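Scroll down for the structure; my scribbles are underneath it.
No value in this document is a laboratory result; all are computed from the given coordinates. Values in this document were obtained by computation on a predicted structure and should not be read as measured data. Note that each Cβ is placed from the backbone with ideal geometry, even for glycine, and that neighbours are counted across all protein chains shown.
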Amino acid sequence: MDNRAVEAVLNEIAALLELKGANTFKVRAYQNAARAVGNLQEDVGELVESGEIKSVRGIGKSIQEKLKELHETEELVYLEELRSGVPEGLFEIMTVPGMGPKKTKVVWEELSVTTLVDLETACKEDQVAGLKGFGKKSQAKILDGIEHLELTRGRRLRSQALPQAARLKALLEGVAGVERVEVAGSLRRGRETVKDVDLLVASLEPEAVMEAARDDPEVDSIIGSGATKTSVRLKDGLQVDVRVVEPRSFACALAYFTGSKDFNVALRGMALDQGYSLNEYDLRPLDGSPPPEFATEEELHKALGLAQYVPPELRENTGEIAAAIKGELPTLIEPTDLQGILHVHTKWSDGTGTVDEMVRGAVELGYDYLGISDHSEIAGYANGLSVDRLHRQREEIEAAREAYPQIRIFHGCEVDILGDGQLDLTDECLEWLDFVIASVHMELRQERSKMTKRLVRAMSHPQVRVFGHPLGRKLLKRDSSAFDWEPVLDACVENSIAVEVNGSPHRLDADWVHVRRIRARGVKLCVNPDAHAQATLIDAARYGVCEARRGWASKEDVVNTLDLAAFEKDFLRIG
Ligand code: DGT
Ligand code: CA
Ligand code: ZN
């Protein structure tokens with residue numbers, strides 16, 4: 001079993017113990033052990049075998065024995081005992097935001113709720129609000145949570161699907177007779193979450209491709225396998241569809257399976273108007289004459305009368321076709337356009353890299369500038385920095401500036417926007433910093449008008465340069481905050497504040513829909529990684545730029561495509 005599977009087992013035990021009313025000490029022990037396993041660099045099985053597991057902090061003796069049993073037998077009697085008598089549906093209920101094991105225990109015991117539908121009904125019949133530890137507010141929150149769960153069920157983050165897609169692409173490219181493999185579907189369009197991975201293969205020998213797809217060692221089960229299409233579920237739960245077409249159909253097939261469905265429907269309408277039928281194989285003249293062949297999607301788009309090729313990220317049928325006909329699509333920003341990045345955390349707050357490590361990472365990525373911005377003091381959960389600690393951090397930054405003259409290091413802070421819109425640092429300190437990112441981390445569920453006022457006030461502060469992750473969402477976990485964008489963007493215009501496109505694959509915030517609104521308002525964007533480790537510095541280029549592209553952003557819309565001199569002088573207003 002790999003570390004992630006073991007971590008999941010330990011977390012499940014903790015949840016079951018809590019559900020059964022075990023003492024919190026015991027529950028904590030399993031939660032801590034799960035976290036310890038999750039943080040291990042080494043393989044937990046190897047540590048068990050060598051006995052080194054004893055020296056891992058956070059894993060007590062009795063849990064060590066369970067890990068041994070798990071490693072040797074791939075089973076755990078204790079877990080089976082805990083599971084017995086617990087209805088399956090409770091596991092899902094525990095994942096509803098606002099529920100958790102303790103509350104699940106209450107609705108189970110008091111209302112005999114054992115499924116999501118039971119819970120929804122009980123909430124709607126107002127039975128939950130009166131239970132101990134609940135209330136009208138938490139009942140409403142649970143209903144929201146159920147709705148959210150239904151919307152997101154079965155989807156996963158782009159960042160979880162991309163590595164599997166890349167692995168499978170390489171695997172299939174190695175199959176005899178294969179001419180080309182491309183990732184299609186929502187993954188190609190750059191969506192934040194995906195239902196499955198769609199792979200398209202060009203080959204005249206489909207059976208070999210089908211066999212390779214079925215025989216992939218990562219496959220857990222085969223959902224279906226025919227002559228040209230195989231669907232499998234991987235061990236990590238991800239579904240993958242592999243389709244094979246003849247090489248001459250590849251361009252049309254790629255266009256078709258990239259979608260979106262709405263975009264396809266619109267294109268097909270255009271084709272019909274011009275006397276063609278468009279499907280996954282070709283663009284066929286309705287008069288029966290032979291269909292033209294296309295080597296690329298560019299040629300297909302051109303044949304349909306589009307003056308410009310529509311990049312996959314824009315294919316959502318939200319005006320891109322009309323713009324492409326008129327030749328008015330913008331030239332989209334590329335990952336290589338980023339000259340530097342802001343919003344980087346270090347060990348000083350909740351990051352795992354030192355200042356030196358993060359600077360080195362940015363140098364390796366070829367950036368000309370980097371902004372370090374740890375959390376401000378009120379973010380206690382993230383070990384936020386006091387004014388005093390910020391001053392001490394400056395010393396370390398100065399040392400890095402000397403050690404790495406090839407990159408300009410800006411010293412900033414991700415300052416919390418307090419409940420009333422004030423910033424969590426003195427004006428004096430804000431002025432002393434090279435830049436300020438203002439973000440909301442607390443009281444995310446404020447009433448709309450209050451949140452709007454709060455944000456307008458924060459964006460009226462002259463020292464703020466970037467509005468950090470404006471929506472405050474966590475993908476598949478937490479919805480966006482509610483506020484009126486117009487007055488907030490007005491304040492950003494007034495102060496030349498850029499709105500962040502946070503490139504963390506868990507956030508992607510602002511999202512593409514708002515990126516378009518922000519740009520339309522003449523407000524600039526700042527594409528950042530929100531990195532908490534050296535390895536995630538690349539998230540700005542890898543995920544953030546993709547989200548910005550989906551929002552039709554060009555290089556000119558993004559402040560950190562400016563060269564160092566312009567960025568420093570015109571955007572940060574230093575010197
Ligand atoms: P997902 O999987 O929910 O993240 O989103 P997609 O867009 O990848 O959707 P998926 O996997 O169901 O289908 C892949 C593409 O195939 C989709 O973007 C467009 C095309 N497609 C699928 N079904 C239809 C259909 O009924 N009509 C049309 N025109 N296109 C379809
Ligand atoms: Ca798909
Ligand atoms: Zn933040």
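The table below lists the values:
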| item | result |
| --- | --- |
| Selection from Leu508, Gly544, Ala520, by position along the positive dipole direction of segment 491-551 (Cβ) | Ala520 |
| With 10 Å bins from 0: P(r) over segment 259-326, alpha-carbon pairs, percent | 21, 58, 19, 1 |
| Cβ-Cβ FRET estimate between Val363 and Lys569, R0 fixed at 30 Å, reported to 0.05 | 0.85 |
| Whole-percent pair-distance distribution, where bins are 5 Å wide, for the alpha carbons of segment 28-163 | 2, 9, 15, 15, 11, 14, 14, 11, 7, 2, 0, 0 |
| For segment 60-95 and segment 339-371, distance of Cα centres in Å | 40 Å |
| Net charge over other residues, Cβ less than 11 angstrom from the Cβ of Pro462 (K, R count +1; D, E count -1) | -1 |
| Segment 257-295 and segment 100-144: distance between their alpha carbon centers, rounded to Å | 51 Å |
| Under 5 Å, built H, 5+ apart or other chain: amide partners of Gly351 | Thr346 |
| Cα principal axis extents for segment 461-520, largest first, Å | 34, 20, 17 |
| Beta bridges by DSSP in the chain, antiparallel share as percent, to the nearest 5 | 45 percent |
| Inter-centroid distance (Cα atoms) of segment 36-54 relative to segment 441-490, Å | 42 Å |
| Tail beyond 18 Å, pair distance distribution of segment 305-449 (Cα, percent) | 64 percent |
| For segment 468-475, 3J(HN,Hα) per residue [Karplus equation, 6.51 cos²θ - 1.76 cosθ + 1.60, θ = phi - 60°, Hz, x = Gly/Pro] | x, 4, x, 7, x, 7, 10, 4 |
| FRET efficiency, Ala140 to Val86 (Cβ-Cβ, R0 25 Å, nearest 0.05) | 0.40 |
| Environment charge of Arg4, counting only residues whose C-beta is closer than 12 Å and scoring Lys/Arg +1, Asp/Glu -1 | -3 |
| P(r) of segment 195-352 over all Cα-Cα pairs, binned every 5 Å from zero, in whole percent | 2, 8, 14, 15, 13, 13, 12, 10, 7, 4, 2, 1, 0, 0 |
| Hull-based mean projected area of segment 371-527, where the convex hull spans the alpha carbons, in square nanometres | 9.4 nm² |
| Length added when fully stretched, Lys105-Leu204, from 0.36 nm per residue minus Cα-Cα | 29.9 nm |
| Cβ-defined net charge surrounding Ser386, 14 Å radius [Lys, Arg +1; Asp, Glu -1] | -3 |
| ³J(HN,Hα), Karplus 6.51/-1.76/1.60, whole Hz, each residue of segment 476-481, x for Gly, Pro | 6, 10, 9, 6, 6, 6 |
| Pairs from Lys136/Lys261; Lys347/Lys453; Lys20/Lys136; Lys347/Lys555; Lys61/Lys102 whose Cα-Cα separation, in the structure shown, is over 30 Å | Lys136/Lys261; Lys347/Lys453; Lys347/Lys555 |
| Segment 89-234 - Rg (one decimal) and Dmax (whole number), Cα, Å | 21.6, 66 |
| Sequence of Cys526, Cys492, Cys429 once ranked by neighbouring C-beta atoms within 10 Å, starting from the fewest | Cys429, Cys492, Cys526 |
| Phi to ³J(HN,Hα) by Karplus 6.51 cos²θ - 1.76 cosθ + 1.60 over segment 293-308, Hz, x for Gly, Pro | 9, 10, 7, 9, 5, 4, 5, 4, 4, 5, 4, 7, x, 7, 6, 10 |
| Beta bridge orientation in segment 175-258: antiparallel %, DSSP, nearest 5 | 70 percent |
| Estimated distance in nm for a label pair at Lys302 and Glu328, the labels positioned 7 Å out from Cα along Cα-to-Cβ | 2.4 nm |
| Ranked Arg550, Arg189, criterion: other C-beta atoms within 10 Å, fewest first | Arg189, Arg550 |
| Debye equation applied to the C-alpha atoms of the chain, log10 I(q)/I(0) at 0.09 Å⁻¹ | -0.87 |
| Tail weight of P(r) past 18 Å, computed on alpha-carbon pairs of segment 156-245, percent | 35 percent |
